[in-house]
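Derivation of every value follows stated rules applied to the coordinates shown; laboratory data play no part. Remember, predicted model here, so these are calculated numbers, not experimental data. Please note: Cβ atoms are built from the backbone with ideal geometry, for glycine as well, and neighbour counts cover all protein chains shown.
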Amino acid sequence: MIDPTEPARIDNPIVAIEGVSKLYGSVAAVRDVTLHVRRGEVLGLLGPNGSGKTTLLRMLTGYLSPTSGRLSVAGYDTERQRMEARRRIGYVPESLPLYSHMRVGEFLRFMARLRGLDSAAAEAAIAEVAGQVALGDRLAAPIRTLSRGYRQRVAIGQALVHRPDILVLDEPTNGLDPRQIIETRNFIRGLAGWRTVIMSSHILGEVEKIADRVAILLQGRLLSVQAMADTPDLEALFLSLT
Amino acid sequence: MSALGVLLRKELHATFTSPIAYSVAAVFLLVTGYTFSLTLFFTKVANLTYIFHQMYVLLILLVPVLTMRAFAEERRADTLELLLTAPVHEVWIVLAKFLAALVLVTCLLVASGAYAVVLGLYGEPDWAPIYGGYLALFLLACLLVSIGTLTSSLTENQVVAATCSLGTCLMLWFADSAAYMVPAPLDAVAINLSLIGHFTTFVSGSLFLSDAGYYLTLSLLALFLATRVVTDR
């Protein structure tokens, strides 16, 4: 097994996960994970279903509290300075939760205002993200009428509407058709450099094509952190570890 | 606009576009209107005491239906994850849901004020019990909505939320019957826990701070517990 400690640590990380564990009773969903993320990089969390990827992302976004260890986002502790930390994160959960009774523009406006943007700033931000995720012609559409692909765009739009430093995506290509997968992949790659992106996936090819670095999780443990440039054969690495 | 304002606006929109709100309003106003007309024609007495007691029962039965969606629906649709990862204190989320349901119930009470207006136009009612009755109903609504919000925060199943809320309210209603079975000083506790005991004094036109304190204390306790449930993850 590769020692994850050294490659997982870097200088001046925008996200620092330090010895984090999450227990549900006696069951450990995440065990003693230490992982740092650089500003502007795309980090892929790779692992089979049930490996702790979603739990780790949920702790990072503040939805779950760690049983032990600490997480910080842009220098803010996700527990003790949770509001500051949350302001710096945009989050797209795997299930794409949206308010079906709202229209797209109304939903984006609600999320922008909830994150502290005033009315004028919210309108400007909505226009910007609508252009980014190609939702311009659907702002008046009721969310319940949207296809999975458009729901994905709305979910990404709400995560970007407050211009967060970090975008957290849980299985972003799940349930999309091949064209939508390519579009989503290109969109995430386009964010690299000016947004830090942390995305989870159980699909090797996705991580291979999108991420700058890959962190491999199995049964809640971090097995390896590798730069994609140093990983010519991710499949072989994954099989050797798992 | 503050986070509470943004959340409240969203909750009010969800509440007032829901068919549940309109069906509850229709049942409430139909039943109370029918009883008001019947009572007035038969007794020819200008008071609302009977109607207030009927509204008391109707609120206990109907408020759980209004509040069952509050958190249960958010949990079922996973949208609670969006709210709880936004930079918003959990207490605002709970308060917004509480206030939105309370606004709807208050609208029902205001609409039922037409009965008092009719009495005022065509008779000479004693206004003290009427004011007291509406105050009691408002305080009762605060308590019922907060209990409903609490039970909804505990589950993602709306029916379970409504059933638990109804059960809790019924237990509070009949709490004083337990006084016959428990020794002192627990019997006094049982009597003072009773919903109806604190309601009838208002309707008779007597205002006691202790009665208002009962409703407000239990409401705050339920809202505090709901906030703890939502926060504890």
- Note on the structure: Simple spin-label estimate for residue B:45/residue B:27, 7 Å along Cα→Cβ, in nm, reads 2.9
- If unit charges are put on Cβ atoms (+1 for Lys and Arg, -1 for Asp and Glu) and the dipole of region B:3-231 is taken about its Cα centre, the option from B:18, B:166, B:93 lying farthest towards the positive end turns out to be B:18
- Query: What does the helix-only formula give at 222 nm for chain A: each DSSP H stretch with n ≥ 4 adding -39500 (n - 2.57), the total divided by the residues, and the result rounded to the nearest 500 deg cm²/dmol?
  - Reply: -10500 deg cm²/dmol
- Table column - 3J(HN,Hα) (Hz), region A:57-74, Karplus curve with 6.51, -1.76, 1.60, x for Gly and Pro: 5, 5, 5, 5, 7, x, 5, 10, 9, x, 6, 8, x, 9, 10, 9, 10, 6
- Query: For region B:1-124, what is the charge dipole size about the Cα centre, in debye to the nearest 20, if Lys and Arg each add +1 at the Cβ and Asp and Glu each add -1 at the Cβ?
  - Reply: 160
- Query: What is chain A's relative contact order, in percent, from Cα pairs under 8 angstrom and six or more apart in sequence?
  - Reply: 28
- Message: Full-extension gain between residue B:159 and residue B:220, please, as 0.36 nm times their residue separation minus the C-alpha to C-alpha distance.
- Response: 19.6 nm
- Message: As a test of the formula, what do you get for chain B when each DSSP H run with n ≥ 4 contributes -39,500 (n - 2.57) and the sum is divided by the residue count, at 222 nm and rounded to the nearest 500 deg cm²/dmol?
- Response: -27000 deg cm²/dmol
- Note on the structure: Sorted by chain and then number, the residues having a modelled amide H within less than 5 Å of the amide H of residue A:65, at least 5 places away or on another chain, are B:233
- Item | Cα-based helix-to-principal-axis angle, B:3-16 vs chain B, degrees rounded to 10 | 60
- Query: Given H placed 1.01 Å from N in the peptide plane, which residues other than close sequence neighbours of residue A:223 have an amide H under 5 Å from its amide H?
  - Reply: A:216, A:217, A:218
- Task: Answer rounded, prolate or oblate for region B:106-233, using the Cα gyration tensor with square roots of eigenvalues a ≥ b ≥ c: rounded when a/c is under 1.5, else prolate when a/b is larger than b/c, else oblate.
- Result: oblate
- Message: Between helix A:178-191 and chain A, what is the angle of the helix's C-alpha long axis to the longest principal axis, kept within 0 to 90° and rounded to the nearest 10?
- Response: 80
- Item | Point-to-point label distance, residue B:38-residue A:192, nm (Cα→Cβ direction, 7 Å offset) | 7.4
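Could you work out, residue by residue across B:88-97, how many beta carbons of other chains sit within 10 Å of that residue's beta carbon, and then give the average as an integer?
Working: counts 5, 2, 0, 0, 1, 1, 0, 0, 0, 0.
Mean inter-chain Cβ contacts per residue within 10 Å come to 1.
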- Quick calc, residue B:138 & residue A:134: beta-carbon distance into FRET formula, R0 45 Å, rounding 0.05, result 0.35
- Task: With an 8 Å cut-off on Cα pairs and a minimum separation of 6 or more residues, tell me the relative contact order of region B:3-231 in percent.
- Result: 27
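Can you figure out the FRET efficiency of residue B:128 with residue B:4, using R₀ = 51 Å and their beta-carbon distance, to the nearest 0.05?
Values: r = 35 Å, r/R0 = 0.68.
That pair, residue B:128 with residue B:4, gives E of 0.90.
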- Return the long-range amide H neighbours of residue B:194 (sequence gap of 5 or more, or a different chain), with a cut-off of under 5 Å between placed amide H atoms. B:176
- Please give, to one decimal in nm, the separation of the simple spin-label points placed at residue B:212 and residue A:11, each 7 Å out from Cα toward the Cβ. 6.5
- Span from the region A:203-242 Cα centroid across to the region B:4-59 one, whole angstrom: 60
- Query: Just how large is the dipole of region A:75-215 about the Cα centre, in debye to the nearest 20, putting +1 at every Lys and Arg Cβ and -1 at every Asp and Glu Cβ?
  - Reply: 220
- Compactness of region A:153-201 - radius of gyration and Dmax, Cα, Å: 10.5, 29
- Answer rounded, prolate or oblate for the protein assembly as shown, using the Cα gyration tensor with square roots of eigenvalues a ≥ b ≥ c: rounded when a/c is under 1.5, else prolate when a/b is larger than b/c, else oblate. prolate
- Query: What average number of partner chain Cβ atoms lie no more than 10 Å from the Cβ of the residues making up B:75-84?
  - Reply: 5
- Query: For region B:117-174 and region A:111-171, what is the separation of their Cα centres, given in Å?
  - Reply: 39
- Message: Over chain B, with a Gaussian network built from C-alpha contacts below 10 Å, which listed residue (B:132, B:120, B:148) shows the highest mean-square fluctuation?
- Response: B:120
- Message: How would region B:3-231 be classified by its alpha-carbon gyration tensor: rounded, prolate or oblate, with rounded meaning a/c under 1.5 and the a/b versus b/c comparison settling the rest?
- Response: oblate
- Note on the structure: Going residue by residue through region A:76-84, the Karplus relation 6.51 cos²θ - 1.76 cosθ + 1.60 with θ = phi - 60° gives ³J(HN,Hα) values, rounded to whole Hz and with x marking Gly or Pro, of 9, 5, 5, 9, 7, 10, 5, 5, 4
- So what J values fall out for region B:146-156 if you push phi through Karplus, 6.51 cos²θ - 1.76 cosθ + 1.60 with θ = phi - 60°, rounded to Hz, Gly and Pro as x? 5, 5, x, 5, 5, 5, 5, 6, 8, 8, 9
- Note on the structure: The size of the Cβ-based charge dipole (Lys, Arg +1; Asp, Glu -1) of chain A about the Cα centre, to the nearest 20 debye, is 780
